[in-house]
Amino acid sequence: MKALVTGGTGCVGSALVERLIEKGYRVRALVRKTSDLSHLKTTGAELVFGDVEDYDSLTPAVNGVDIVFHAAAKVTPGWGTWEEFERSTVKGTRNLLEASSRAKVPRFVQVSSYTVYEPSCRMSETPVDESTPCSVAFTQDTYYDYAKLLAEQACWEYHKQGKIKVSMIRIGSVYGARDRLLADRIYRYVAFPVVLWPGKVDPRYAIVHATDVADLAILAATSDKAAGQAYNVAPPEPIRLKAFSEAMIKAMGGRRIRGTMPYSVAYVWCALMEAIARVRRAKEMPFLNRYSIKIMQTECCMDGSKAGRELGWVPKISAEEGTRQYVEWRRAHDRALKKK
């Protein structure tokens, strides 16, 4: 069986490539010529150059494929223009759906996000499940969330029209090797000898390792009952953000002095970092911005039990093991960069 993975240089995409190959799939990865391909070249995956924003480049990528795993998207919450998100996440998904349906690809798995439940996932005491309405307000802070919602709607449209069988996975806060968001920021934040937490809130999060995400994506792609279904990717119990940070500190070793800073001070600091980045017209999202500090004050709880009931999925990697693996990978990665 042959699978196409988009976003293969990212956290979820690279985990998918690795797990598929381990399970005996023939794997093709859609990559851009500007991407860092050093890891993918070690996996044995077939590399096809193209871009989801360029429809014509997708025809050779989807030809002869049995399953498409779509993990590519612009993943910079709270940073970037709407045109960028629309072009990459919305139009890119539509392009891939159309190319896949024309190539008669049987199955399509869309990698989506908990943010399509905004603001329900942050305002409810009860973890949101797949029956929770997906409704996102269109604001500058929610460009990523809104684009993910529109991409989902495109997927359901193609599925309902019978053009291709679609399954959806909605990830909580994912981390692992090549993670540019959660693990990267926590790692850098707690690397200092003094760690100051913004405010006194310690929110609950649906934190899940990329390998567990990949396992659920494969189960969804190969189960008849998963066609037309969405599945939350979340651990049985949410994890406190401070507990995850403590697991990272333990994995890194060394002592830390812990304290708190007023939330208002942290917010102003992040706003300043964001303003400087905008003045410099930086393409990369700043280490912390106002969006990231806001979500550190609100909970993100998801009910992932449906995946367990219907597909038998059980997350296997604990925060302790996952952070240990991340620190090991991160240190090796940083050493390799220094040698270049």
* Point-charge dipole on Cβ atoms (K/R +1, D/E -1) for the chain, about Cα centre, debye to 20 -> 1040 debye
* **Between helix 210-222 and the chain: long-axis angle, C-alpha atoms, 0 to 90°, nearest 10** => 20 degrees
* Rounded to 10°, Cα long-axis angle of helix 143-160 versus longest principal axis of the chain -> 20 degrees
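Within a 10 angstrom radius of the beta carbon, how do Ser35, Ser245 rank from fewest other beta carbons to most? Display every interim value, and only then the final one.
Working: Ser35 17, Ser245 21.
Fewest-to-most ranking of Ser35, Ser245: Ser35, Ser245.
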* Asked: Taking the simple approach of a point 7 Å from Cα along Cα-to-Cβ for both Lys160 and Leu196, what is their distance in nm?
  -> 5.1 nm
* Structure fact -> So, relative contact order of the chain in percent, Cα under 8 Å, 6 or more apart, is 18 percent
* Determine the distance separating the Cα centre of region 250-313 from the Cα centre of region 185-208; give it in Å without decimals. => 7 Å
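Rank the residues Asp202, Asp215 as a footprinting-exposure proxy: fewest other Cβ atoms within 10 Å of their Cβ go first.
Asp202, Asp215
If Lys and Arg each add +1 and Asp and Glu each add -1, what is the summed charge of the other residues whose beta carbon sits under 14 Å from the beta carbon of Asp303?
That works out to -2.
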* Work out the charge dipole of region 28-117 with +1 on the Cβ of Lys and Arg and -1 on the Cβ of Asp and Glu about the Cα centre, then indicate which of Ser57, Gly44, Leu96 is farthest towards its positive end. => Gly44
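Give me Lys74, Lys41, Lys339 ranked fewest to most by other Cβ atoms within 10 Å of their Cβ, as a rough exposure proxy.
Details: Lys74 20, Lys41 11, Lys339 5.
Ranking Lys74, Lys41, Lys339 by Cβ neighbours within 10 Å, fewest first, gives Lys339, Lys41, Lys74.
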* Asked: Dipole magnitude of region 221-278 about its Cα centre, charges +1 at Lys/Arg Cβ and -1 at Asp/Glu Cβ only, in debye to the nearest 20?
  -> 340 debye
* **Loop-resident sites, region 243-318, for trypsin sites (Lys or Arg not before Pro), counting at most 11 other Cβ within 10 Å (DSSP)** => Arg255, Arg280, Arg281, Lys283, Lys316
* Helix 11-22 sits at what angle to the longest principal axis of the chain, using alpha carbons and giving 0 to 90 degrees rounded to 10? -> 50 degrees
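Each value in this text was obtained by applying a stated rule to the coordinates, not by laboratory testing. Computed from a predicted model, the values in this text were never measured in an experiment. We place every Cβ from the backbone using ideal geometry, glycine too, and count neighbours over all the protein chains shown.
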